[in-house]
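Encoded as structure tokens, the structure appears first; notes follow it.
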Amino acid sequence: MKFMKTAASVAIIASMGASAAFAGGHAETKLRIQTHYAPETVSGKLAAQYIADVESMSGGAIDIEMFYSSSVVKSVETFDAAATGILDCDMTGGGYQTGKNPAFQFVGDIMGGYATPYQQLSWLYYGGGLEDAQALYNKYDMQLVGWWVYGQESLASSKPLDGPAALKDFKFRSPPGMETKIFEKLGAKPIVMDFTEIFTALETGIIDGADASGLANNVGLGLYDLVKHANFPGFHSMPSDHLACNKAVWDAMPEAHRTIMSVAMEALALRTALTFEKANAAAAAKLRADGVTLWQWSEEDLQAFRDAAQATWPEFATTPEAKALVASHLDYLTELGLVSK
């Protein structure tokens, strides 16, 4: 197994193991968690706050060692590293695991579904989503603890993005998978390329725009130094980062510790949504002042994208778990009025 070929330091980390034992009548849980975020990023700082909350609420009985920037294994390998005991928990996102089961698309980046982080989180916590998703995670010996969703991503473009018609022949950097199919339905020409190639491709005109991240993050990346159009608020992609733990480790933890970690995830979810809402608003104000045009789509235009996205979902719902999740989302989206009658 490729994880066992990781650097010797990983083996040392693994040998430490997670524990839930009683010492002097006091339960203690030790966990090793990896995130793909760097500690200096906004999300990295939010993850650090989560750890501080958990350790404080447990009176120090829960001890978490966090590995930032995917320093133990690659981001895409974090899930399996936790499932096999190299780590205890994965704090990346389900979208990295679509190759394992396409159902992870519908817990990682639903695309064309919910309009706000709060709607997406409400499906998880109050729309039956956690139970539906848990069946998927448990199949791979993992426990989904919760989500933290930073909000809609925005496109960067050298051309106006005033509605679906603007997407015709729009050449843009896209991640692989379902997104390419959705945008092709709307006449765009998505080009799958590595994240590091975006800047050169924009400068040379190979692409007209790029799907990179949320507005504030795009500003930090310098994309709007190259192009002067964006859509805001975003609509096409709203990734869900997760905390998922090795199920055996999770089940062995005291119930009070599981509760602390779960409730702290709900706090992290709210804190993340609010933090990025403020950051994106500040970025939008700065961009407008700098002469970047921000295009806001009408509700009818947004629904046109949702219709294209939702028509694509069945193409990826090729396993029982994926079909169950799509049905669950569609039921809840119908309640919210986000599915065309």
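What does the charge dipole of the chain about its Cα centre add up to, to the nearest 20 debye, if the Cβ of each Lys and Arg holds +1 and the Cβ of each Asp and Glu holds -1?
On the way: 25 positive and 39 negative charges, 84 e Å.
Roughly 400 debye for the chain.
How far is helix 320-336 tilted, in degrees, relative to the longest principal axis of the Cα atoms in the chain, given as a value from 0 to 90 rounded to the nearest 10?
60 degrees
Which of the pairs LYS139/LYS247; LYS168/LYS189; LYS45/LYS100 have their Cα atoms more than 19 Å apart in this structure? Intermediate results must be reported in sequence, preceding the final value.
Numbers: LYS139/LYS247 10 Å; LYS168/LYS189 8 Å; LYS45/LYS100 30 Å.
Long pairs (Cα-Cα over 19 Å): LYS45/LYS100.
Helix 255-289 against the longest principal axis of the chain: what's the angle in degrees, Cα atoms only, rounded to the nearest 10?
Compared with the principal axis, the helix lies near 30 degrees.
With a 10 Å radius around each residue's Cβ, average the other Cβ atoms per peptide and rank 194-203, 43-52, highest first. Don't skip to the end; give the middle numbers.
Details: 194-203: 14.3, 43-52: 18.3.
My ranking of the peptides, most packed first, is 43-52, 194-203.
Would the chain count as rounded, prolate or oblate if I go by the C-alpha gyration tensor, calling it rounded below 1.5 in a/c and otherwise prolate when a/b exceeds b/c, oblate otherwise? Write down the numbers at each step before the final one.
Values: a/c = 1.85, a/b = 1.63, b/c = 1.14.
Verdict is prolate for the chain.
Check the straight Cα-Cα distances from LYS30 and name the aspartates and glutamates below 13 Å, setting aside those fewer than 8 residues away within the same chain.
By straight Cα distance, LYS30 reaches GLU55, ASP63, GLU65, ASP88.
Hey, if you put +1 on the Cβ of every Lys and Arg and -1 on every Asp and Glu Cβ in the chain, which of ALA210, VAL42, GLY146 ends up farthest toward the positive end of that dipole?
Looking along the dipole axis, the top candidate is ALA210.
In whole angstrom, how long is each semi-axis of the equivalent ellipsoid of region 206-247, when you take the square root of 5 times every eigenvalue of its Cα gyration tensor and sort them from largest down? Mind dumping the intermediate values first?
Details: eigenvalues 152, 26, 21 Å².
Output for region 206-247: semi-axes of 28, 11, 10 Å.
What ranking, highest mean first, results for peptides 59-65, 322-328, 140-146 when packing means the other Cβ atoms within 10 Å averaged over each residue?
On the way: 59-65: 16.0, 322-328: 18.9, 140-146: 20.9.
Those peptides, ordered most packed to least, come out 140-146, 322-328, 59-65.
What is the angle, in °, between the Cα long axis of helix 129-139 and the longest principal axis of the Cα atoms in the chain? Nearest 10 is fine, range 0 to 90.
60 degrees
Report the residue, chosen from VAL219, VAL73, VAL192, that carries the largest GNM mean-square fluctuation when the chain is represented by alpha-carbon nodes joined by springs under 10 Å.
Comparing VAL219, VAL73, VAL192 in a Gaussian network model of the chain, the most mobile one is VAL192.
Provide the FRET efficiency to the nearest 0.05 for the LYS185-ARG271 pair, computing r from the beta carbons and using R0 = 30 Å. It would help to have the intermediate numbers written out before the result.
Values: r = 36 Å, r/R0 = 1.19.
According to the calculation, E is roughly 0.25.
Considering only C-alpha atoms, what is the centroid distance from region 302-322 to region 166-218, in Å?
Between the Cα centres of region 302-322 and region 166-218 lies a distance of 20 Å.
Given axes a ≥ b ≥ c from the Cα gyration tensor, I'd like to know whether region 60-126 is rounded (a/c under 1.5), prolate (a/b larger than b/c) or oblate.
On the way: a/c = 2.43, a/b = 1.48, b/c = 1.64.
Since a/c reaches 1.5 but b/c is at least a/b, the shape of region 60-126 is classed as oblate.
Out of every Cα-Cα pair in region 110-269, what percent are more than 24 Å apart? If you can, show how the numbers build up before the last one.
Details: 5637 of 12720 pairs.
That fraction is 44 percent.
What is the antiparallel percent of DSSP beta bridges lying wholly in the chain, to the nearest 5? Don't jump to the answer; show the numbers that get you there.
Numbers: 20 of 38 bridges.
Percentage antiparallel, nearest 5: 55.
Can you tally the net charge around ALA83? Count Lys and Arg as +1, Asp and Glu as -1, for every other residue whose Cβ sits under 9 Å from the Cβ of ALA83. Present the calculation step by step, with values, prior to reporting the outcome.
Working: positive: LYS247; negative: ASP80, ASP90, ASP141.
Around ALA83, the charge tally is -2.
Got a sec? Which residues in region 32-68 would a label at ALA256 touch, if it sits 7 Å along Cα→Cβ and we count backbone N under 18 Å?
Within reach of a label on ALA256: 53-64.
Can you work out ³J(HN,Hα) from phi for every residue in region 203-212, in order, using Karplus 6.51 cos²θ - 1.76 cosθ + 1.60 and θ = phi - 60°, giving whole Hz and x for Gly and Pro?
Couplings: 4, 8, x, 4, 10, 8, x, 8, 9, 10 Hz.
Rounded if a/c is under 1.5, else prolate if a/b is larger than b/c, else oblate: which is region 243-341, with a ≥ b ≥ c the root eigenvalues of its Cα gyration tensor? Write down the numbers at each step before the final one.
Values: a/c = 2.84, a/b = 1.26, b/c = 2.26.
Cα axes put region 243-341 in the oblate bin.
Quick note: the coordinates plus some simple rules give every number you see, no bench work behind them. From a predicted model like this one, the values you see are computed outputs, not experimental measurements. All Cβ positions, even for glycine, are placed from backbone atoms using ideal geometry, and neighbour counts span all protein chains on display.
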